Amino acid sequence: MNTKSAIERVRRAGALLFAGVAVAVLVACGSKVDLEAPPEIIYGRDLCDQCGMSIDEARFAASYITESGETRRFESIGDMLAYDLEHDEAVYRYWVHDYETEAWVRGDEAFYILSDKIVTPMGVGLIASATGEGAEALASRWDGTVLKFDNVMTLAAGGHFEHGHEMGN
């Protein structure tokens, strides 16, 4: 082997090593979760952390971000509440979708509509709205009750949203 080819091999190996390290640094820096931004859910592909089913409809989907920056994704608000109670993680922020617009809304700012006439994944009958007026209109449509986040959390702690729970019974 001549000296020129040996030097060229070392140069290529160094370039490959540098490129690998650069990619690793970019991936590590780019993977930090923005605790203030709603999470990304790839509908039809991402699976619910609670039940393992595909998350297919944005209007029912929910999520939360832990204080350590981990994102949990759910096919329904009910699944999110059940998972939260079972795992007792330090949650930084809850996220739900406005039923009508499918826009993300902070969980603590949303208005919730509870009705046994609302068909949701896992049958909990709980949806969200970004506004009080929107929540009142949805509650009127389905003969439901408008709740705030604290009320929803109290009902969840009492077992109201467990899988298989029949509303009103």
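The values are calculated or read from the model by the stated rules, or taken from the named source; none is laboratory data. Because the structure is predicted, anything quoted here is derived from the model rather than measured. Here the Cβ is made from the backbone with ideal geometry for all residues, glycine too, and neighbour counts use every protein chain on show.
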- Task: Return the only residue of Glu136, Glu75 being acidic (Asp, Glu) and surrounded by fewer than 19 Cβ atoms within 10 Å (Cβ to Cβ).
- Result: Glu136
- Note on the structure: In the set Ala110, Ala82, the lone residue that is crowded, with 19+ Cβ neighbours inside 10 Å and modelled with pLDDT under 95 is Ala82
- So is Ala103 of a type in the set (A, V, I, L, M, F, W, C), crowded, with 19+ Cβ neighbours inside 10 Å and within 12 Å of Phe60 (Cα to Cα) or not? no
- Among the residues listed as Ile65, Ile55, the single one being within 16 Å of the chain's Cα centre (by Cα), within 20 Å of Asp108 (Cα to Cα), buried (at least 17 other Cβ atoms within 10 Å of the Cβ) and modelled with pLDDT of 95 or more: Ile65
- Among the residues of the stretch 58-98, how many are farther than 16 Å from Ala157 by Cβ and in contact with a Leu (Cβ under 7 Å, 6 or more places away or on another chain)? 4
- Note on the structure: Among the residues of the stretch 67-88, the number that are in contact with a Phe, Trp or Tyr (Cβ under 8 Å, 6 or more places away or on another chain) and assigned to a helix (DSSP H, G or I) is 7
- Query: Any chance the stretch 79-93 includes a residue that's assigned by TED's automatic domain parsing to the domain that holds Trp142 and under 17 Å from Thr131 (Cα atoms)?
  - Reply: no
- Item | The one condition in (1) at pLDDT 95 or above; (2) in contact with a Gly (Cβ under 9 Å, 6 or more places away or on another chain) that Val33 fails to fulfil | (1)
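May I ask you to verify whether Ile7 is at pLDDT 95 or above, β-branched (Val, Ile, Thr), farther than 20 Å from Glu89 by Cα and surrounded by 10 or more Cβ atoms within 10 Å (Cβ to Cβ)?
So Ile7 fails the test.
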- Please work out which one of (1) modelled with pLDDT of 95 or more; (2) surrounded by 16 or more Cβ atoms within 10 Å (Cβ to Cβ) is the condition Glu70 fails and give its number. (2)
